[in-house]
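Scroll down for the structure; my scribbles are underneath it.
The values are calculated or read from the model by the stated rules, or taken from the named source; none is laboratory data. What you see is a predicted model, and the numbers here were worked out from it, not measured in a lab. FYI the Cβ positions are ideal-geometry reconstructions off the backbone, even for glycines, and counts take in every protein chain you see. Just so you know, the surface numbers come from the protein's heavy atoms only, side chains and all, with ligands and any DNA or RNA stripped out. Shrake-Rupley method; radii C 1.70, N 1.55, O 1.52, S 1.80 Å.
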Amino acid sequence: MIRLLVVDDQALIRGGLVALFTAAPGLEVVGEAADGVEAVALAAETRPDVILMDIRMPVLDGIAATRRILAAAAEAPPRIIVLTTFDLDEYVYTALGEGASGFLLKDTPADRIISAVHAVAAGDVLITPRITHRLVETYAQHHRTVAAANAHLAELTPRETEVLRLVGNGLTNAQIAQRLVLSEATVKTHVKRMMAKLHLTSRAQAVVVAYETGLVLPASAHPPRSG
C-alpha cells in the first residue's frame, strides 16, 4: 500500500486528488494540507511514501516545504511530486534541484497521475520526462555556472558517466540496461553509486546535473540536421 499526503491550497483540487486516490487500489491517503507548514508537520507525523506538493501556497511555499521535509527525513525520505499549473516554471526547476522526484501539471489525466505515483514510489522512472526535459533545457541554459556536483564528475567511472548521461536523457533502468547490454541489477548498482558520488537524492536531480554540467545538451544547442 502506497501512503500519500496531498498538499494544495485550493480545496477543490486537493479534494479531487484525495477522492481520486481513495478510490484507487493500492493507494491510501494519510493526510491533506493546505499550506507548506501543515505539510511539514503532517509529513513528520504520518510518514507518507509519496507527497503531492503544490508549489505556490501561502505561509510556506512548496519549495521550502520540500526542503524541510527531505532534510528532516534522514531515513526513507518520501518521494515528492510537485504539482504546478505551468509546465515552464522556474519554481519547478528549483524544486527538482531541492530533491523533488518529479512534477505533474494539474491538468494531467487521472490515470496518468495514478501511474506517476506508482512510478515515483518505485523510485525508477522520472515523471513526464518530455515536459521535464523542456523545463530543464530552458533553465539549464541560465544556470550554466559550475554546479556543485561538477567537481565530483571526475570521480565517476566512465560507465557511471555514461549512465548519468542516459538518465539525463530520460531513460529508465530497463532502457539503460538494453542500451548498454547489461543486466538491470547492474544498472541499478551503477545508478546508486553515481548518485552517491554526486550527493544526489533523486533521478530528477541527476537530470538537472546532466544538463547543468553539459553532459546532456539542450535540444536548442544541437545544430540542425541538413537535408
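For the reader, a short list of remarks on this structure follows.
- Check on Gly31, modelled with pLDDT of 95 or more and closer than 22 Å to Ile113 by Cβ: yes
- Test: residue in the range 200-211 that is open to solvent by 30 Å² or more (accessible area, probe 1.4 Å) and at pLDDT below 80: yes
- If you go through the range 65-81 and keep only what is open to solvent by 20 Å² or more (accessible area, probe 1.4 Å) and modelled with pLDDT of 85 or more, you end up with Arg67, Arg68, Leu70, Ala71, Ala72, Pro77, Arg79.
- The range 175-194, residues that are open to solvent by less than 30 Å² (accessible area, probe 1.4 Å) and under 24 Å from Gly99 (Cβ atoms): Ile176, Val187, Val191, Met194
- Given (1) under 21 Å from Leu198 (Cβ atoms); (2) part of a loop (DSSP other than H, G, I, E, B), index of the condition Pro25 fails: (1)
- All of Ala11, Ala43 fail the test of being among the small types (Gly, Ala, Ser) and more than 20 Å from the chain's Cα centre (by Cα), apart from Ala11.
- Looking only at the range 5-20, residues that are closer than 17 Å to Asp107 by Cβ and part of a helix (DSSP H, G or I) come to 8 in all.
- Scan of the range 82-102 for residues that are modelled with pLDDT under 75, open to solvent by less than 20 Å² (accessible area, probe 1.4 Å) and outside any helix (DSSP H, G or I), ordered by number: Asp89
- Filtering the range 177-208 to residues that are among the aliphatic types (A, V, I, L, M), free of Cβ contacts under 8 Å to residues at least 24 places away in the same chain and not in a loop (DSSP other than H, G, I, E, B) leaves Ala177, Leu180, Ala185, Met195, Ala196.
- Taken over the range 33-58, the criterion of being assigned to a loop (DSSP other than H, G, I, E, B), over 17 Å from Ala95 (Cβ atoms) and hydrophobic (A, V, I, L, M, F, W, C) is satisfied by Ala34 alone.
- Condition met for Val30 (in contact with a strand residue (DSSP E or B) (Cβ under 6 Å, 6 or more places away or on another chain), open to solvent by 30 Å² or more (accessible area, probe 1.4 Å), under 24 Å from Thr108 (Cα atoms) and part of a strand (DSSP E or B)): yes
- Criterion (surrounded by 15 or more Cβ atoms within 10 Å (Cβ to Cβ), under 26 Å from Val208 (Cα atoms) and in contact with an Asp or Glu (Cβ under 7 Å, 6 or more places away or on another chain)) met by exactly one of Leu52, Leu105: Leu105
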